[in-house]
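Where a number appears in this text, it was derived from the coordinates with a stated rule and is not lab data. Quick caveat, the model's predicted, so the values are computed rather than measured. Backbone-built Cβ (ideal geometry, glycine too); neighbour counts: all protein chains shown.
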2 protein chains.
Amino acid sequence: MDPLPEDGESSRPRRRTRIQQRNVEAILDAALDVFSQAGFRAATLDAIAERAGLSKPNLLYYFDSKEAIHAELLDGLLDIWLDPLRALDADGDPQAQLMGYMRRKLDMSREMPRESRLFANEILQGGPRITDTLGGTLKALVDEKAAIIRGWTEAGRLAPVDPHHLIFSIWALTQHYADFEVQVRAVLGARDPFPEAETFLDTLYGRLLAPQG
Amino acid sequence: MDPLPEDGESSRPRRRTRIQQRNVEAILDAALDVFSQAGFRAATLDAIAERAGLSKPNLLYYFDSKEAIHAELLDGLLDIWLDPLRALDADGDPQAQLMGYMRRKLDMSREMPRESRLFANEILQGGPRITDTLGGTLKALVDEKAAIIRGWTEAGRLAPVDPHHLIFSIWALTQHYADFEVQVRAVLGARDPFPEAETFLDTLYGRLLAPQG
DNA sequence: TTATTGTTTGACCAACTGGTCAAGATCACG
DNA sequence: CGTGATCTTGACCAGTTGGTCAAACAATAA
């Protein structure tokens, strides 16, 4: 019998038994490991199954297909991933808001590097499974927040900057520490990148954003 | 007969016939397409062969294995990739040197996005085929240039910044426009990212690096 | 207990993948 | 031209991969 019968009405992911709860969680966690390190195509169900401590047919009892696992991961993540940007508040202090956004993104890179790499892999490969979201939800959100930033600049509360590229820069700089962690650590040796990164980014955005010259 | 007999003595890649010249080039170009978009494991010899206009056995007449093609690409690229950083000159004007480095990296993202993605894929997947280089050549080069930058700062010719993270920031910001091109373009719509990016990065590093406050 | 539902697995399959090989086609040069 | 070297390919192979299925096993409610 179908274990997770795509509940047509309610969108609650009601998990029926505690066995399902446990196994679905284990699968998604293992899949995050594997997909984020290998990308969709190079990831194998065998690898996910092994890491989850289940047999491959057992995986496919809980999820229809490899695609379905990947899709559930991406869906669940897109929301979390954009939350910090959603929190950018037009009524707050411009510099504090942007510094806070940057710091939250850096925190996510430190605490959720697998998620960061999952997205990076997806985008690198042309984002075939999220192009809709990119041109839809994401673009809308970025445009909205860019307008807020432009407002701040025009009010003289922020140094003049291209708002879109300011946002890109925050993505690039913070996610770099997760996506290119291997490289960063190889260059830094034993040093922990993150405290240094936070100091550096504070300086960088402090100097970039302070109004006046 | 072996087409490219690993010339033991001379390190010149002397290609004997023009057929070899043409086909090896076609293979490497096709392989760059495929590897940069899919990553090593997900790339297939069939895909490379098709794009190169050759049969799969014919590919393997010119290269011993899939690994060999990938290795030749990475080898050839690592040099080119680090050239802009090598060019950073201790005797030049600090700001001009760093701005020049940043612009050259941005140019490379615009003109060699496939190469950028090839590296990104490799690093994202843990860099199994270049860990030696990362902790060796790369770390040495970065440490050397970081020392130069520190010297400039201590001489008061540059605003105080962590040199390593300054270099990371240049990598992250410039390569972002190649590696995450799909996302950037989805958000910007029809606009061409690169001219805007150059202006933005000029502003950003101008404000970050200018000595004094 | 028993009937029902939920869970797990070994055996299996077709498609794909990297790679081999021997035979044939083509080229360069005396 | 002829001959040896270079180039190309169809057929093939073993290992991997996503996915199926029927049968066995476990949990649970009546």
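Things worth noting here:
- Radius of gyration over Kirkwood radius for segment B:18-64, both on Cα atoms: the Rg/Rh ratio is 0.95.
- Computed on chain B, with alpha-carbon pairs under 8 angstrom and 6+ residues apart, the relative contact order is 21 percent.
- Likely footprinting exposure, A:S109, A:S116, fewest C-beta neighbours within 10 Å first: A:S109, A:S116
- The 3J(HN,Hα) values that the Karplus relation (6.51, -1.76, 1.60; θ = phi - 60°) gives for segment B:110-127 are, in residue order, 6, 8, 10, x, 5, 4, 4, 5, 4, 5, 4, 4, 4, 5, 3, 7, x, x Hz. Gly and Pro appear as x.
- Kirkwood Rh, Cα atoms: Rg over Rh of the protein assembly as shown: 1.00
- q = 0.21 Å⁻¹, segment B:104-209: log10 I(q)/I(0) [Debye, one scatterer per Cα]: -1.20
- Lysine pairs within the protein assembly as shown, Cα separation less than 23 Å, 8 or more sequence positions apart or different chains: 6
- Packing-based exposure ordering (other Cβ within 10 Å, fewest first) of B:L82, A:L166, B:L74, A:L124: B:L82, B:L74, A:L166, A:L124
- Angle in degrees between helix B:193-209 and the longest Cα principal axis of chain B, rounded to the nearest 10: 40 degrees
- Cβ charges +1 (Lys, Arg) and -1 (Asp, Glu), total dipole of segment A:11-96, debye: 660 debye
- Plainly put, the tip 7 Å out from Cα toward Cβ on A:A90 is 5.4 nm from that tip on each other copy, the closest given first.
- Spatial separation of Cα centroids for segment B:172-191 and segment B:74-147, in angstrom: 19 Å
- Each of B:W81, B:W171 was scored by other Cβ atoms within 10 Å of its Cβ. Arranged with the fewest first, they read B:W81, B:W171.
- 7 Å along Cα→Cβ, label-point gaps from A:A71 to other copies, nm, shortest first: 4.1
- Per residue, the convex hull spanned by the Cα atoms of segment B:48-109 measures out at 90 cubic angstrom.
- Here is how the number arises for chain A: DSSP H runs of 4 or more residues each give -39500 (n - 2.57), the sum is divided by the residue count, and the result at 222 nm is -22000 deg cm²/dmol.
- The phi torsions of segment A:154-168, fed into the Karplus equation with coefficients 6.51, -1.76 and 1.60 and a -60° offset, translate into couplings of 5, 7, x, 8, 8, 4, x, 8, 5, x, 4, 6, 4, 5, 4 Hz, rounded to whole numbers, with Gly and Pro shown as x.
- The share of Cα pairs per 5 Å bin across segment B:13-123, counted from zero up to the longest distance, runs 2, 11, 20, 19, 15, 12, 8, 6, 4, 2, 0 percent.
- Projecting the Cα positions of A:H165, A:G136, A:G76 onto the charge dipole of segment A:73-209 (unit charges on Cβ atoms of Lys, Arg, Asp and Glu, taken about the Cα centre) puts A:H165 furthest along the positive direction.
- At 0.692 mPa s and 37 °C, Stokes D of chain B from Kirkwood alpha-carbon radius, µm² per second: 170 µm²/s
- Other copies of A:E25: label-to-label distances in nm, shortest first, labels 7 Å along the beta-carbon direction: 5.9
- Proximal charge balance of B:L208 [Cβ under 12 Å; K/R count +1, D/E count -1]: -1
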